[in-house]
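Notes follow the structure.
Any read-out appearing in this document is the output of simple, stated calculations on the displayed coordinates, not a laboratory observation. Bear in mind the structure is a predicted one, so any value in this text is a computation, not a measurement. Cβ: placed from backbone, ideal geometry, glycine included. Neighbour counts: every protein chain shown.
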Amino acid sequence: MDRMPSRLLALTLLLALTGPARAGQGPGAALGKAVADYRQGRFADCASLAASARDQLANPDVAAFLEGQCLFYAGQPEQALARFAAVPAARPDSRLATLAAARRADCLWELGRAPEAAEAYQAAAALPPDPRVDGAVGLARRAELALSLGHEGEARALWLELRRRHPEHPLASPAPPGLEERPLTPEGSLALARALFAARRWEEALRVLDVSPDPRTPEARWEMAFLSGRSLFDMRGHYLEAHRLLRSAREHAPQPALEEEAWFWSSRALSRADLDDAAIRSHLDMAARFPRGRFRDQALYYAGWLEQNEGRCERALPLLERVVREHPRSRFADDAGWFQAWCRLGAGDWAAARRALAPQRDRAEWQVGARALYWTGVAAAAAGEPAAARESFARVLSAHPLTWYALLAHAWLRPGPLELPPPPPAPTGPPPPRDEELLVRARELSGAGLGALASDLLRAGEKDFLARHPGRPGLLLLLDAYEEAGDANRPWMLTGAREGAALRALPGPATRRVWAHAYPAFARELLERGAGGDQELARMLQAVMRSESGFDPLARSIADARGLLQMIPPTAAPAAAALGLADYEPARLFEPEVNTAVAAWHIGALAVKFKRQWPLVAAAYNGGVPAVARWLAASRGQGLDWFVEGIPYAETRAYVKGVMTGLARYAYLEGRPLPRIDLTLDPQVLPGPPAQ
């Protein structure tokens, strides 16, 4: 029973998400030619080239592995077996050691040496984990061998291990012939449900729990109810049932900490079900029951936030003040302080609002400091103090340039385009890399079109490299190497973590390359094609991509949003149909070409629907058109700044500000006019798609 034909052990194990080989000279060029032959199915030529270049390369293990791949697909598994076995000998620290061990097992299976293959799969599983290894195949084949030998118990155990470790794999269900499902033990049910829940397969986790025998311990009873409730919560639209199950978990919790955790999530489920008053009571009761609990700061914050969201600031203010006073280090303390000020602003108590904002005005983070300065200026203007308002808006522009609040401050101060000193010239190319082994090896792989392997190598050696080359010069060398490998995600992460101060000020000669890596024009050709030449729309798509995935083509969210622009399948389907993508299927959203095309169509339609008011476009992309239409209908003449700051969804509110900041920064770096902000909101929503 070979349920996964050998030729479906994907050619992409080695070459996924890489670019074409670059023209070059020397052994690296031969490796690139071998890669090109591999892609074109010229396996004999590939094997010959890889063998001839192997001893001259900085990455002989890669050449040995590639030779093995080509020999295998050329129908020579015996010879391939020897090459895969030679990978760790070629380089003892090879990043391909685990993958080579798994492919060696594939060769043994192909040769009909099933017992040896089963041992080899087991040995590969004991090596350091490698996401490129399809461990499900090894478990499935070991189960097949055990079943053929009449060891049904062992086969069943292996298949259950397969389902637990790889719940999303096609081999994980249904059960193969001879291993049809039988009722699991309570412990087995919980282990499988945990794995399914972690893989976001919530419906399957619920099915497993529904047929599970009664749990034997209080801890198991709690976990069964808790997992069921959390699965329903994360599935969305099942909040009342989630609350019921989480309340049951709370009532059966064997320990106070478990009771508190279930209680917190049951309260969140009530608020998601729009039962805000019940949610507030539940949060407050939990905070009183657990005065030193792990979730107490969140419970007080959510109770206060829900009260102010219902327009009951007199109830919200004491709760928000308690978060700041009793939990000053909480990640909710800043927002609690802000919503105190927001309540004062809404009531027109301008002096009290300015006092509440004062502690946050000097904060370096623009999301906190610029917000406090901007609304201080609004309060001053409303109180009839224009000089104080201008001073506050000017501080936003100087301390937090190229942010959402800088765009708003400029709209208050003067008409016309926002004039800033032009950015320094963009770097023309990376400086010559140091004669450092890590960079030499990565450059060789990138030049051969093996960018995924180059990026993997860089990530593995990143910590040691930065220790050897501390400071910005070493970081930039590493970022340039990532860029050459086609990986924009890791530079985006590193610049945010290590160069926050450089990204808060306008780019200068010393920081221009940092900005280039923090705001890359990744996949710009695809975005411009999808935008039909509309450059502002292309920049908007670029800013959305940065906020959504951080330039990771394989990103997938808890809501099943996929790829570079995090399109969800129900939203992508009508876009794909409108574009005439006859071979579209949801799995293709991980392909940059498909993802950018459908996202460009969808966001372009939103731009028409909301008359190119980009903050509304961003809000609709994140929160949905129906929600934005409701908020606009209730806006009653609000300005754009008040509307965005009052968006009820915290995620959408932050998302709009982040995308608009990205849009401003891309425009600035490209020497284009910054997006114009009209504080007068046009609430009309034009008819037509999309409705999601």
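Against the chain, whose longest principal axis is taken from its Cα atoms, helix 97-110 shows a tilt of about 50°.
How tilted is helix 27-39 with respect to the longest principal axis of the chain? Cα atoms for both, answer in degrees (0 to 90, nearest 10). Helix 27-39 sits roughly 90 degrees off the main axis of the chain. When peptides 513-522, 651-660 are sorted by average Cβ neighbour count within 10 Å, with the highest value leading, the order is 513-522, 651-660.
Relative to the globular-protein estimate of 2.2 N^0.38 Å, the Cα radius of gyration of the stretch 524-669 stands at 1.01. Note: relative contact order over the stretch 184-235, using C-alpha pairs below 8 Å and six or more positions apart, is 43 percent. The Rg/Rh ratio of the chain, with both radii computed over alpha carbons and Rh defined as the Kirkwood radius, is 1.00.
Would you mind computing the Rg to Rh ratio of the stretch 437-505 from its alpha-carbon coordinates, Kirkwood style for Rh?
Ratio value, two decimals: 0.98.
For the pair GLN684 and GLU168 in one chain, pulling the backbone fully straight at 0.36 nm per residue adds 181.4 nm over the alpha carbon distance. Placing dummy labels 7 Å off each Cα toward the beta-carbon, the span from LYS463 to ALA654 is 2.7 nm. In a fully extended conformation the segment linking ALA199 and LEU554 would gain 126.3 nm over its present Cα-Cα distance, using 0.36 nm per residue. Here GLU591 and ALA351 are evaluated by their C-beta separation; at R0 = 60 Å the FRET efficiency comes out at 0.60.
When Rg and Dmax are taken over the Cα atoms of the stretch 188-322, they come to 15.7, 51 Å. As a rough guide to protection, the peptides 253-265, 222-234, 203-215 ranked by mean Cβ packing within 10 Å, highest first, stand as 222-234, 253-265, 203-215. Relative to the dominant Cα principal axis of the chain, helix 60-73 is inclined by about 70°. Converting phi to 3J(HN,Hα) with the Karplus coefficients 6.51, -1.76 and 1.60 and the offset θ = phi - 60°, the stretch 589-598 yields 5, 7, 8, x, 4, 6, 4, 5, 5, 6 Hz in sequence order, with x at every glycine or proline.
Within the chain, CYS107 have no other Cys Cβ under 4.7 Å of their Cβ and so lack a disulfide-compatible partner by this rule. Kirkwood Rh, the stretch 336-414, all Cα pairs: how many Å? About 12.0 Å for the stretch 336-414.
Taking a straight line from the alpha carbon of LYS657, these lysines sit under 22 Å away, with near neighbours fewer than eight places off in the same chain left out: LYS609, LYS611.
Sequentially through the stretch 394-404, phi angles give Karplus couplings (6.51, -1.76, 1.60; θ = phi - 60°) of 5, 5, 4, 5, 7, 8, 9, x, 6, 10, 3 Hz, Gly and Pro residues having no value and appearing as x. Amide H contacts of MET567 (H built 1.01 Å from N, in plane; Pro and chain starts excluded): ARG562 sit under 5 Å, all sequence-distant by 5 or more or on other chains. Placing a label point 7 Å from the Cα of ARG612 along the Cα-to-Cβ line, the residues of the stretch 652-682 whose backbone N sits under 14 Å from it are 673-678. Counted residue by residue at 0.36 nm each, then reduced by the alpha carbon distance between them, the extension gain from ARG672 to ALA426 reaches 87.2 nm.
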